[in-house]
Structure formats: C-alpha cells, structure tokens
Amino acid sequence: TTTDVDVADAITEQQRQQLCTDLGEQLQEWRIQGPTLGRGGLNIVVQTWAAQSGVINLQVVQNRSIVDDITVEVCPDVREEAMRSLDIPDLASGLVGF
C-alpha cells in the first residue's frame, strides 16, 4: 500500500501550484455565491484539477485530505479564505463528489 507521503510526493510542484491557482480564482465567486453554491464550485474545481491527472484523481478519491495537505503547504491563505467563504472546517469536508 502507498502511504500519504508517497501520494503527496507523486503530485508535482506544478500540479500543487495549479490547485492553488484554480482555488484562488474562485474565491471572489464563492464570497458572492455563499457557502451552499460555493461548495458545489469547490467540488468542480477539485474534480477538474484531479481529472487532469488520472493518478491524482484516484488519490483524491482515496484520501480527500490531500487537498488540505497541499493547500496548507503551498497556499495557506487561499485555503483559509476558501474555508471561510464556504463555511467548512477543512476543504476535504466540502468535497462530496468523490
């Protein structure tokens, strides 16, 4: 079995940055839309990002907290703002489509 460290290592720096960019681009929309609509948007962003690499997609399905691990490391400000806008304790809890 793979550990969380192996999974995280398999995601490239560019892919990590892309997740943060994708999330950051949605923050204003989520502030406007509110938590209910915004959470749907979060799922779309993460699913789209994950689908761009089949490997990541499987990893996120198996462990949604990968999204939190990446954003804590790469873009904690974006993560905090997303959680505040979406009224969720962490990003993983907002991911229902996986």
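The values are calculated or read from the model by the stated rules, or taken from the named source; none is laboratory data. Just so it is clear, the structure is predicted and the values come from calculations on it, not from any experiment. Heads up, the Cβs are rebuilt from the backbone with ideal geometry, glycines too, and the neighbour counts pull from every protein chain shown. Please note that ligands, DNA and RNA were not included when accessible areas were found on the heavy atoms of the full protein model with its side chains. Shrake-Rupley method; radii C 1.70, N 1.55, O 1.52, S 1.80 Å.
Sort out which residues of region 63-98 are touching a residue at least 40 places away in the same chain (Cβ under 8 Å), open to solvent by 60 Å² or more (accessible area, probe 1.4 Å) and not in a loop (DSSP other than H, G, I, E, B), and write them in order of number.
Across region 63-98, the qualifying residues are ASP69, GLU73.
From the list GLN28, GLN47, GLN59, GLN52, exactly one residue is within 18 Å of ILE11 (Cβ to Cβ), open to solvent by 80 Å² or more (accessible area, probe 1.4 Å) and not aliphatic (A, V, I, L, M). Which is it?
On inspection, the qualifying residue turns out to be GLN52.
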